[in-house]
Amino acid sequence: MLIPARMSEAEERRWVSVMLDKLAAQESRRLLGDSELTERAERLSAQYFEGRARPVSVRWVTNQNTRWGSCTPAEGSIRLSHRLQGMPEYVVDYVLVHELAHLLVPGHGPRFWRLLEAYPRTERARGYLEGVVAADRLPHLPVARAE
Ligand SMILES: [Zn+2]
């Protein structure tokens, strides 16, 4: 594994964990269709929000490169960036749970994050996504561009 010398120890640890997660994702890669995605969101709502978030449609979109997910609460629609495809399931689930929570609470205030505490891998998933963004910005990392 190529690790740039200027990485701090914390960055290095994060980088290694991102790469391990990537490997795990490749092993268990399976693309969900939009209807499976909607079912999955319904299950997550039942599991973490007592079914209070009611997604009507959940689908992949390819025109969303700066956000991992978005939602329109009035329509109950959730969109996930295709960039999440191939990431570990717990990361995709986190983004789904995040958007489901927005069907209940707009914005990112304390009430929102209290809802997110129900999902046990929130912190890990956020770290993974931050790692992906950081890795995209690092030059000279062939491993980050391999695909
Ligand atoms: Zn949000």
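Key figures
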{"read-out": "Degrees between helix 89-104 axis and first principal axis of the chain (Cα, 0 to 90, nearest 10)", "value": "40"}
{"read-out": "In order through region 34-51: 3J(HN,Hα) via Karplus (6.51 cos²θ - 1.76 cosθ + 1.60), integer Hz, x for Gly, Pro", "value": "4, 6, 5, 5, 5, 4, 5, 5, 4, 4, 5, 4, 5, 6, 10, 10, 6, x"}
{"read-out": "Residue-by-residue Karplus 3J(HN,Hα) for region 7-22, coefficients 6.51, -1.76, 1.60, Hz, glycine and proline x", "value": "5, 6, 4, 5, 5, 5, 4, 5, 4, 4, 5, 5, 5, 5, 4, 4"}
{"read-out": "Crossing angle, helix 122-137 versus the chain [Cα axis fit, 0-90 degrees, rounded to tens]", "value": "50"}
{"read-out": "Within the chain, percent of DSSP bridges classed antiparallel, to nearest 5", "value": "45"}
{"read-out": "Distant-in-sequence amide H partners of residue 60 (H built 1.01 Å from N, under 5 Å)", "value": "80"}
{"read-out": "117, 11, 99 arranged by Cβ crowding within 10 Å, fewest neighbours leading", "value": "117, 11, 99"}
{"read-out": "Dipole moment magnitude, nearest 20 debye, the chain about Cα centre, only Lys, Arg, Asp, Glu C-beta charged", "value": "200"}
{"read-out": "Sparse-neighbour loop sites [GluC sites (Glu not before Pro); region 28-70; at most 16 other C-beta within 10 Å; DSSP]", "value": "50"}
{"read-out": "Least to most buried among 49, 112 (fewest other Cβ within 10 Å first)", "value": "112, 49"}
{"read-out": "DSSP-loop trypsin sites (Lys or Arg not before Pro) across region 89-137, with at most 16 other Cβ within 10 angstrom", "value": "121"}
{"read-out": "For region 57-72, 3J(HN,Hα) per residue [Karplus equation, 6.51 cos²θ - 1.76 cosθ + 1.60, θ = phi - 60°, Hz, x = Gly/Pro]", "value": "9, 10, 8, 7, 10, 9, 9, 10, 9, 9, 10, 7, x, 8, 8, 10"}
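Just so you know, all these numbers are worked out from the coordinates, no wet-lab data involved. As the structure is a prediction and not an experimental result, all values here were calculated from the model. Virtual Cβ from ideal backbone geometry, glycine too; neighbours counted across all protein chains shown.
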